[in-house]
1. When residues of segment 25-50 are filtered for being part of a helix (DSSP H, G or I) and in contact (Cβ under 8 Å) with a residue 12 or more places away in the chain, how many remain?
2. Can you tell me which residue within segment 189-217, out of those that are surrounded by 22 or more Cβ atoms within 10 Å (Cβ to Cβ) and over 23 Å from residue 159 (Cα atoms), is nearest to ligand 2 (Cβ to nearest atom)?
3. Kindly establish whether residue 16 is part of a helix (DSSP H, G or I) and surrounded by fewer than 19 Cβ atoms within 10 Å (Cβ to Cβ).
4. Select, from 331, 314, the only residue that is among the basic types (Lys, Arg), open to solvent by less than 40 Å² (accessible area, probe 1.4 Å) and either modelled with pLDDT of 95 or more or not assigned by TED's automatic domain parsing to the domain that holds residue 245 (or both).
5. Looking at (1) within 13 Å of ligand 1 (Cβ to nearest atom); (2) closer than 22 Å to residue 239 by Cβ, which is the only condition residue 145 fails?
6. Output the residue which, of all residues in segment 150-163 that are touching a residue at least 40 places away in the same chain (Cβ under 8 Å), assigned to a loop (DSSP other than H, G, I, E, B) and surrounded by fewer than 22 Cβ atoms within 10 Å (Cβ to Cβ), is farthest from ligand 2 (Cβ to nearest atom).
7. Given the conditions (1) more than 20 Å from residue 170 (Cβ to Cβ); (2) more than 27 Å from the chain's Cα centre (by Cα), which single one is not true for residue 75?
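The values are calculated or read from the model by the stated rules, or taken from the named source; none is laboratory data. The structure displayed is predicted, hence computed values, not measured ones. Every residue, glycine as well, gets a Cβ built from its backbone with ideal geometry; the counts of neighbours run over all protein chains shown. To get the accessible areas, we keep the full protein, side chains included, count just its heavy atoms, and leave off ligands, DNA and RNA. Shrake-Rupley method; radii C 1.70, N 1.55, O 1.52, S 1.80 Å.
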Amino acid sequence: MGERDPFGLTPSAWEAFAVEAGLPRYRGRQLFDAIHRRGVTDYAAMKELPAALRERLAAEMPLRLPEVVRRDASADGSVKFGLRLVDGALIEAVFMPGDETRSAANEFEDARAASHSRSEIRSSQSGSGATVPRFTICLSSQTGCAVDCAFCVTGRLGGGRNLTAGEILAQLRAVLVETRHGLDGMRVVFMGMGEPFLNPEGVIPALEILFELVSPRRVTVSTSGITPAVATFAALPQRPNLAVSLNAADPATRERLMPITKTYPLDGLLAAMRAWPLEPRRRILVEYVLIAGVNDREEDARRLVRLLRGLEVKVNVIPLNEDPTYLPEWKRPAEDVIDRFVARLAEAHVTVTVRRSKGPDASAACGQLKGRTVDPRKRTQTGR
Ligand code: SAH
Ligand code: SF4
């Protein structure tokens, strides 16, 4: 049975496994369903399987969830989990309760939802009248981030390794177990630690598994703009919602904030966004972290409008989450500046929402996820 991680096998990989092991093919499907749909975390509880198979699987392909090493609850109901992977690497995942309370999960609603009123969305999803509690789980795709954006705590703390598909799904399961949730009403966003488009080997099979469990419309992958990978993900038979962390509307400001712009220039990124295949009523989410005196002028808003002309997008303005320790040089704009910026976009008929990050008291807000508290680079480098 080898090195395979049971959390990371797609249904077809499970079926192939069953056939290889001399079992009927349907056993593979049973295993996939038990693990991912029913959330069984112990083979012994999979009574539909022969006892000998259960024992063999337990010995040779153990189901290992990451260890929950921290649990920080916020006043708004979001919970940030610190998780330790088998090799000791630490990652963070965030649970955000649903939109009944207009809490943090709204921040990640997909672009499609923006064209409807909230009540329409709710009634269309609950034909029987019963309301499914909605929630969003924000996942990490790497144990750090080498993209090194100047305003991001994860980036300030340096690069890490890729998570495998199995680790990504086990991370999701750990949060579901901890919060006692099933799959109903779930949204998943890859907006935690790491750059998902630098980890296609882990993220693509993870998406394939996720799409068995929830509609692709309920899954969003956010990228800092790894242009060639945008094309790779665009070619997938089923695509998640695309979110792009733009953060600046001119090349110089973007280079300053996101040095990755030197490798993948802004115009190429915009071209890749134009080429992204959008199903009807889907849009690309454009994230724009608003930083005082850097990208928050009305002129910046006007430039953003021009840059995005002709694209089906929804802009999510994220006032900077400050961090005096890791981001001492960057400040959040004053409220009236935020309002003016948003008004300029709205006037130009750009759909815009403001993500007033909930849960900064749990450091669960955007760009504040960190598995560690020491930058490994600082040991050898100075003067950054
Ligand atoms: N690496 C991917 C996925 C992480 S998403 C990406 O960058 O898109 C994290 C989101 O939080 C990004 O949109 C990023 O721009 C935003 N962010 C990072 N640091 C932030 C901060 N200090 N305050 C507010 N938002 C921040
Ligand atoms: Fe990495 Fe995204 Fe943070 Fe940039 S914003 S350093 S890409 S996690």
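1. 12
2. Only one residue tops the list, namely 210.
3. yes
4. So the residue among 331, 314 that is among the basic types (Lys, Arg), open to solvent by less than 40 Å² (accessible area, probe 1.4 Å) and either modelled with pLDDT of 95 or more or not assigned by TED's automatic domain parsing to the domain that holds residue 245 (or both) is 314.
5. Among (1) within 13 Å of ligand 1 (Cβ to nearest atom); (2) closer than 22 Å to residue 239 by Cβ, the lone unmet condition for residue 145 is (2).
6. Looking at residues that are touching a residue at least 40 places away in the same chain (Cβ under 8 Å), assigned to a loop (DSSP other than H, G, I, E, B) and surrounded by fewer than 22 Cβ atoms within 10 Å (Cβ to Cβ), I get 161.
7. Of the numbered conditions (1) more than 20 Å from residue 170 (Cβ to Cβ); (2) more than 27 Å from the chain's Cα centre (by Cα), the odd one out for residue 75 is (2).
Residue-wise test of (1) at pLDDT below 95; (2) open to solvent by 60 Å² or more (accessible area, probe 1.4 Å); (3) over 14 Å from residue 176 (Cβ atoms).
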residue	(1), (2), (3)
37	no, yes, no
40	no, no, no
54	no, no, yes
58	no, no, yes
77	yes, no, yes
83	no, no, no
89	no, no, yes
